[in-house]
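Peer 1: I am attaching a structure below and will ask some questions about it afterwards.
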Ligand SMILES: [Zn+2]
């Protein structure tokens with residue numbers, strides 16, 4: 001283990017846990033973090049995370065109807 005894990009920060013807005021709670025995710029073998037503000041984006045609009053999250057363009061939005 002030569003590499004320190006990077007400091008947890010939201011994958012969407014880069015806020016760290018000093019300013020917002022962070023929720024841990026496991027994705028493609030990597031540990032990722034997201035804040036509550038962006039969790040709905042990941043669930044409902046993951047393509048907005050293209051460029052921030054590898055493969056986001058292939059993620060499907062949760063299908064739910066109000
Ligand atoms: Zn965020």
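Throughout, read-outs are computed from the coordinates displayed, never taken from laboratory work. For clarity, every value in this text was computed on a predicted model and none was experimentally measured. All Cβ positions, even for glycine, are placed from backbone atoms using ideal geometry, and neighbour counts span all protein chains on display.
Peer 1: Pairs under 8 Å by beta carbon, first residue touching a residue at least 12 places away in the same chain (Cβ under 8 Å) in the stretch 37-54, partner part of a helix (DSSP H, G or I) and surrounded by fewer than 13 Cβ atoms within 10 Å (Cβ to Cβ), six or more apart or different chains?
Peer 2: Pairs found: 47/57.
Peer 1: In addition: Give the number of residues within the stretch 10-23 that are over 9 Å from the mean Cα position of the chain (by Cα) and either more than 8 Å from the ligand (Cβ to nearest atom) or touching a residue at least 60 places away in the same chain (Cβ under 8 Å) (or both).
Peer 2: 6
Peer 1: Can you tell me how many residues within the stretch 31-42 are under 17 Å from residue 16 (Cα atoms) and either more than 10 Å from the ligand (Cβ to nearest atom) or within 8 Å of the chain's Cα centre (by Cα) (or both)?
Peer 2: 7
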